[in-house]
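*Asks:* I'd like to ask you about the structure that follows.
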Amino acid sequence: MRTLLACTLLFAASLAACGREPSAADVAQVYRAALDSLCGPLRDSSAMLVVAARTLYPPFVNNATRLVGSEAPARLIESLRRANRADSVLVHFDLLPVRQAFLDSATEERVVPLKCYTGREDCDAAWARFRAQYPGATGFVVVSRVGFSRDAGSAALVVVQHLGFLAGGASLVVLSRTPGGWRVSRVIYLVLF
């Protein structure tokens, strides 16, 4: 009976370790490490991080992860897809130590380069208004939700940077948990525009 109880407890403990739920702090640290890597250190008090208030659309994340192929672990990519089944309001950005603003959908619609179909002048004017509204910001980012490995030792997300008319790109960022915190282990550039 004791052996059965010990085996049951050991099995339950191993399941808990394999299915560790990441905390809000984990999510915030993953965002910070990824954005530090792509956008420069988030410690400059004069800088501003402007973030789209909604996460990337699920079809974009699915298409982006298809471009990765075997460059990232398949189970981690599947976790990223599952985390992004539906678009949602961004959470856990309030834990980042930087001045930040959330970009509303109407402003985003006016400045996203792919939607500047009426010509460069209109798009340049929209970016000028954006920079006047958000001084210190070089552009804005749109991020996916974070996908974690089963043991929460690895994470992945898609980051899209918009820096101006036809300036920016999309990347898949893979991170690993280390004793010192989350570190970027790989950046896979998906598209530049």
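The values are calculated or read from the model by the stated rules, or taken from the named source; none is laboratory data. Source: prediction; values computed, not measured. Note: ideal-geometry Cβ built from the backbone for every residue, glycine included; neighbour counts use all protein chains shown.
*Asks:* I'd like the residue in segment 143-155 that is closer than 18 Å to residue 171 by Cβ and of a type in the set (A, V, I, L, M) and, out of all such residues, is surrounded by the fewest Cβ atoms within 10 Å (Cβ to Cβ).
*Replies:* It comes out as 143.
For every residue, the table says whether it meets (1) farther than 20 Å from residue 105 by Cβ; (2) surrounded by fewer than 15 Cβ atoms within 10 Å (Cβ to Cβ); (3) of a type in the set (Gly, Ala, Ser).
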residue	(1), (2), (3)
124	yes, yes, no
132	no, yes, yes
141	no, no, no
157	yes, no, no
163	no, no, no
166	yes, yes, no
175	yes, no, no
178	yes, yes, no
184	yes, no, no
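*Asks:* Modelled with pLDDT of 85 or more and either in contact with a Gly (Cβ under 8 Å, 6 or more places away or on another chain) or aliphatic (A, V, I, L, M) (or both), is that true of residue 159?
*Replies:* Here the answer is yes, as residue 159 does meet what is asked.
*Asks:* Residues to consider are 139, 181; find the one that is in contact with a His (Cβ under 9 Å, 6 or more places away or on another chain), among the small types (Gly, Ala, Ser) and farther than 16 Å from residue 73 by Cα.
*Replies:* After ruling out the rest, the residue left standing is 139.
*Asks:* For the condition closer than 20 Å to residue 192 by Cα and either basic (Lys, Arg) or at pLDDT below 70 (or both), what is the one hit in 68, 112?
*Replies:* 112
*Asks:* Turning to a different aspect of this structure: Quick check on my filter: what residues within segment 130-155 are among the hydroxyl-bearing types (Ser, Thr, Tyr), in a loop (DSSP other than H, G, I, E, B) and closer than 20 Å to residue 84 by Cβ?
*Replies:* Listed by number, the residues that qualify are 144, 149.
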